[in-house]
Amino acid sequence: MSIWAGGLDAVGLGVFAATIVAAAVLRAFSGFGFALAAMPLLVLVIEPVHAVVLCGFLSVAGGLRSARNSMAHCDRGLLKPLLIGSLIGTPIGIALLDHLPADTMKFLIGFGVLGSAVLLWRTGIMEGVRRLYALPVGFSAGLLGGALAIPGPPIIVFLLGTERDPKRARATLMAFFTLTSLLSIAGYVVAGLVDGTSLVLFVWALPCLLLGDWIGFGLFERHGSAHYRRVALFVLAAIGVGAVINALR
């Protein structure tokens, strides 16, 4: 069974499946957070490099599955400058990779993200600033993604602070992260990180992803209007705490 399950035994496969389902529920409801939820448990049962590649593949698979819905409800006018900014910032971040004190930066970013979540919890939506800041926000996301592998926080903070419609905020986040995950997958392939084990793990994970998506989308349809912002801010705060803990290890 271990060979056919990517090296997992029965217990490991159970942890693996439950982790994917839970992470997919979170992503389907909030529009982000899949790797945040999945990585800490996945690395307990599979190699970290396989966990990273798997999260990338599943993010793309989940995003493509919901692409029609995401593109129908996302803010396309906002998505374009966010993506352009990210594409500009990513290679610069990669160039800075060896020159930044990564743990210190992750620690500061973690506190910044946590503080942003608390601030957004206490304040309302900021109107009228979205188009003006979209390009620099995308640039900062690409910069952090290239240098520290944490591109999400600037985009999440920006949309949670400026978009009043939960459906549009969630759809824009999903569209952005699907497109950037496609770029990540291309990078993994070029770097030779995708192997037979990666593909076997993906085959096992895909049904779990589909189940989690079904549950998460159902929860959003029933409770998204009332609870989306609260859940999304909680996940954002968890990203901040996770970044701080990771920096202190």
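The table that follows gives values for the structure above.
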{"quantity": "By accessible area with a 1.4 Å probe, ligands and nucleic acids excluded, highest first: order of His50, His223", "calculated": "His223, His50"}
{"quantity": "Helix-only [θ]222 nm of the chain, DSSP H runs n ≥ 4, -39500 (n - 2.57) each, per residue, nearest 500", "calculated": "-29000 deg cm²/dmol"}
{"quantity": "Accessible area (Å², per residue) of the range 109-249, counting only protein heavy atoms and a probe of 1.4 Å", "calculated": "49 Å²"}
{"quantity": "Largest to smallest principal axis extent of the C-alpha atoms in the range 131-246, angstrom", "calculated": "43, 34, 30"}
{"quantity": "Distance between modelled label sites at Val190 and Asn246, nm, 7 Å Cα→Cβ extension", "calculated": "2.2 nm"}
{"quantity": "Normalised per residue, the volume of the convex hull around the Cα set of the range 1-93 (Å³)", "calculated": "113 Å³"}
{"quantity": "Relative contact order, percent, the chain [alpha-carbon distance under 8 Å, six or more residues apart]", "calculated": "37 percent"}
{"quantity": "Cβ-defined net charge surrounding Gly62, 9 Å radius [Lys, Arg +1; Asp, Glu -1]", "calculated": "+1"}
{"quantity": "Kirkwood-based Rg to Rh ratio, the chain, C-alpha trace", "calculated": "0.95"}
{"quantity": "Positive-end extreme of charge dipole, the chain - chosen from Ser70, Leu58, Leu41 (charges on Cβ)", "calculated": "Ser70"}
{"quantity": "Principal axis box of the range 52-98, alpha-carbon based, largest edge first, Å", "calculated": "39, 30, 7"}
{"quantity": "Cα Rg over Rh - the range 193-249, Kirkwood", "calculated": "1.15"}
{"quantity": "Sulfur and carbon atoms: percent of accessible area, the chain [1.4 Å]", "calculated": "70 percent"}
{"quantity": "Taking the range 104-221 and dividing mean pair separation by its residue count, relative contact order in percent (alpha carbons under 8 Å, at least six apart)", "calculated": "20 percent"}
{"quantity": "In Å², nearest 10: area of Ile20 left accessible to a 1.4 Å probe", "calculated": "0 Å²"}
{"quantity": "The chain: angle of helix 196-248 to the longest principal axis, Cα-based, in degrees nearest 10", "calculated": "30 degrees"}
{"quantity": "Packing rank of 56-65, 198-207, where each peptide gets the mean count of other beta carbons within 10 Å, highest leading", "calculated": "56-65, 198-207"}
{"quantity": "Heavy atoms of Thr197: accessible area, 1.4 Å probe, square angstrom to 10", "calculated": "50 Å²"}
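The values are calculated or read from the model by the stated rules, or taken from the named source; none is laboratory data. These figures come from a predicted structure and were not determined experimentally. Methodologically, a virtual Cβ is constructed for each residue, glycine included, from the backbone with ideal geometry; neighbour enumeration extends over all protein chains shown. Accessible surface is based on the protein model in full, side chains and every heavy atom, while ligands, DNA and RNA are left aside. Shrake-Rupley method; radii C 1.70, N 1.55, O 1.52, S 1.80 Å.
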